[in-house]
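Report on the structure given below.
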């Protein structure tokens with residue numbers, strides 16, 4: 001179950017990563033499609049707006065030129081037919097059809113208007129803007145909108161001075177009602193995207209669908225030259241406005257487009273892309289999860305479950321061996337693991353059997369060795385004392401090592417015995433007493449330095465290690481030397497040390513000191529037997545009780561073997 005939960009977490013992480021990759025990939029693709037469409041569509045919209053603006057300007061230009069032509073023709077007729085024909089010329093169908101009203105102001109203040117309208121007392125045409133503008137320009141002028149003195153409506157006047165032989169006859173004026181111009185501008189179809197209006201060179205609004213904006217600046221701080229061209233994509237606010245100049249007057253046709261409506265196709269595509277991406281993510285992610293589960297997660301779970309069962313000792317079949325991909329390679333590797341595990345288990349059983357056999361042999365040897373030592377002590381002296389003593393020492397040595405070996409086996413089987421508190425001096429005195437006869441025979445003094453230290457350890461194991469160290473010290477020390485038992489404190493740890501004056505250990509052999517059956521160059525001084533197991537057994541005993549054994553050269557010559565207790 002645990003391996004299944006681990007695999008599920010792994011699947012979730014992989015699925016999350018794949019979903020993130022898919023989301024990023026689709027988002028990037030959507031972004032690129034949107035950018036391509038925007039960069040393709042925006043110039044088309046800009047071109048269409050500019051084309052519309054130019055078409056509107058051309059239409060207004062032709063319409064205005066037509067009205068200008070009517071006014072010019074009227075002025076020429078007055079020049080041709082004289083002042084007496086003014087009223088007749090003003091009432092002709094062409095002027096009346098295009099303007100309302102049409103009038104003529106003379107230098108003496110005479111004012112003729114068609115259709116007739118009684119003007120306020122004291123009305124003087126010479127003081128009106130249209131009259132003054134035409135005189136100043138000496139040519140046809142288009143006067144910005146103003147409020148008519150007769151109708152009080154906003155009108156726009158076309159005026160031209162009439163001269164004959166260099167003499168001013170008067171000024172012809174023709175009014176265009178602002179509503180007429182607005183109706184004409186509204187005739188240009190922008191598809192509901194915006195509206196058309198007129199401004200002069202200073203940005204003053206002349207004609208606009210909103211009456212409140214007429215004769216007011218288009219915008220605060222408005223600069224007309226900043227809007228002659230540009231792109232709708234860079235427009236600020238909700239609308240995009242472009243201007244196109246008229247040729248006959250210093251006016252500009254303004255085309256104002258609702259930015260959101262003009263860019264609606266782009267917004268629609270963007271919304272469609274977002275919906276498509278979300279739908280694809282919603283479809284692809286479960287499919288990826290199902291595919292990943294069937295192709296990877298489920299086989300991995302089966303393999304890890306089989307591995308757990310194998311480690312618990314069960315004999316299970318290995319799944320997915322037929323696959324030729326990485327999962328199949330993992331399954332075949334598990335087959336190798338199963339084979340190796342079976343072999344390891346077999347070797348462990350053999351090792352346990354060998355250990356049991358060694359333990360039984362060691363146990364069985366203790367009694368015969370004890371009996372041999374007892375018989376040797378009971379034999380009468382008869383000149384063979386040296387041989388008998390050598391046999392006795394050999395039996396004692398074998399008895400000690402077998403005892404330590406049995407301690408190790410017992411600890412592995414039942415766990416180490418509980419530690420106890422004991423004086424370090426007591427451990428030294430016991431070790432010296434055990435080795436007293438050997439030390440006496442080799443004329444080696446065993447000296448114990450007084451120590452107030454008390455240690456908490458396994459007394460039997462610690463005593464066995466000290467016996468081992470002291471036995472080696474006596475074995476390799478020459479007669480007439482001294483072996484010292486003492487304590488040291490280094491770094492907070494207490495050391496029980498056995499210091500001898502023997503040959504010491506060559507530096508290149510120090511690493512091999514505590515290995516099994518490793519021959520060393522120093523030889524016993526009295527040809528005592530050596531199995532090569534003593535120091536190894538000491539190391540194993542020390543590690544079993546959480547301690548450490550070590551060696552360092554004696555500065556005065558010889559060796560220092562120590563047991564470092566925590």
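Since every read-out is calculated from the coordinates, none of them should be taken as a lab result. Source: prediction; values computed, not measured. Reconstructed Cβ throughout: ideal geometry from the backbone, glycine too, with neighbour counts over all protein chains shown.
So the values come out like this:
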quantity: Whole-number percent relative contact order across region 417-565, with pairs defined as alpha carbons under 8 Å at least 6 apart; calculated: 24 percent
quantity: Packing-based ranking, highest mean first, of 443-450, 539-546 given that Cβ atoms within 10 Å are counted; calculated: 539-546, 443-450
quantity: Relative contact order for region 422-490, counting Cα pairs under 8 Å that sit 6 or more residues apart, in percent; calculated: 48 percent
quantity: Pair residue 287, residue 482: separation of 7 Å Cα→Cβ label points (nm); calculated: 9.2 nm
quantity: Order of 268, 148 - criterion: other Cβ atoms within 10 Å of each residue's Cβ, fewest first; calculated: 268, 148
quantity: Three-way shape call for region 88-152 based on the alpha-carbon gyration tensor, with the a/c threshold at 1.5; calculated: rounded
quantity: Residues 521, 248 arranged by fewest to most Cβ contacts within 10 Å; calculated: 521, 248
quantity: Distance from region 43-95 to region 439-500 (C-alpha centre basis), Å; calculated: 132 Å
quantity: Packing-based exposure ordering (other Cβ within 10 Å, fewest first) of 257, 274, 181, 490; calculated: 490, 274, 181, 257
